[in-house]
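Data first, discussion second: the structure below is written as structure tokens.
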Amino acid sequence: MNYRHAFHAGNFADVLKHLVLTRVLVHLRAKDKPFRAIDTHAGLGFYDLTADEAGRTGEWRDGWGRLDSPFPEAVEALLGPYRAAVAAVQERHGADTYPGSPALIREFLRPTDQGVFVELHPADAEILRARFNQDSLSKVMHRDGWTALNALIPPPERRGLVLIDPPYEERGEIDRLGAHLLKAVRKWPTGIYL
């Protein structure tokens, strides 16, 4: 595995993905019923934007770095939950921290909800486990995300989302995504897939 998300954390694609993710989480929280959020390719959970990896590419400057200035009121209303979740993570881990999907998901979980974060890279899975296995709201699994997807759906809560964002470093990854997504939708047709 060559892909390391620390080089790309907070870039424009990450910001777009995380903005959509937070909007879906807000939607799921609108009902009292519990939900489960599954991240099939979770990474480290959060990243230091002052670290060597982020500094080498500087990609975050064209993503998270462009959100310094306020936008028109309607846009800020859409960004609000995302900005609040990032701020909460930064308050706990430092102003130069950018949350990955697990950290954002964790911010939206209520006591009845569950987050499941799957990571194949052994070192990253250990770091993720240390960061997110402190309570019953989240569970980290060291396993292939595609295998885990099939095993984890449908969840007992019957409501929720699956975030699928592989590194796309293997040949045929787009075809694999299509095949696994079709299988997942057949198995859990009411799930939300990102």
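The values are calculated or read from the model by the stated rules, or taken from the named source; none is laboratory data. This one's a predicted model, so the numbers in the text were calculated from it and none came from an experiment. We place every Cβ from the backbone using ideal geometry, glycine too, and count neighbours over all the protein chains shown. Heavy atoms of the whole protein, side chains included, go into the accessibility calculation; ligands, DNA and RNA do not. Shrake-Rupley method; radii C 1.70, N 1.55, O 1.52, S 1.80 Å.
Computed quantities for the displayed model
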| read-out | value |
| --- | --- |
| Simple spin-label estimate for N150 and A13 in nanometres, 7 Å along Cα-Cβ | 2.6 nm |
| Chymotrypsin sites (Phe, Trp or Tyr not before Pro) within the range 72-167: DSSP coil, no more than 14 neighbouring Cβ in 10 Å | none |
| Exposed-loop-free span, longest in the chain, where trypsin sites (Lys or Arg not before Pro) count as exposed if DSSP calls them loop and at most 12 other C-beta atoms lie within 10 Å | 32-170 |
| Carbon/sulfur fraction of accessible area - the chain, other protein chains in place, 1.4 Å, % | 55 percent |
| Formal net charge of residues neighbouring V140 (Cβ-Cβ distance under 13 Å; K, R +1; D, E -1) | 0 |
| Mean separation of Cα contacts under 8 Å, 6 or more apart, over the residue count of the range 80-126: relative contact order % | 27 percent |
| Value of [θ]222 nm, deg cm²/dmol, for the chain, DSSP H segments ≥ 4, -39500 (n - 2.57) each, nearest 500 | -14000 deg cm²/dmol |
| Coil-residue chymotrypsin sites (Phe, Trp or Tyr not before Pro) of the range 1-59, DSSP, other Cβ within 10 Å capped at 16 | Y3 |
| In nm, spacing of pseudo-spin labels at T57 and L78 (7 Å Cα→C-beta vector) | 2.4 nm |
| Rounded to the nearest 10 Å², the accessible area of D68 at probe 1.4 Å | 130 Å² |
| Accessible surface, per residue, of the range 79-194 when the full set of protein chains is kept, probe 1.4 Å, Å² | 48 Å² |
| Anchor K183: aspartates and glutamates whose Cα lies under 14 Å away (excluding residues fewer than 8 positions away in-chain) | D175 |
| For the range 6-45: accessible area per residue (Å², 1.4 Å) | 42 Å² |
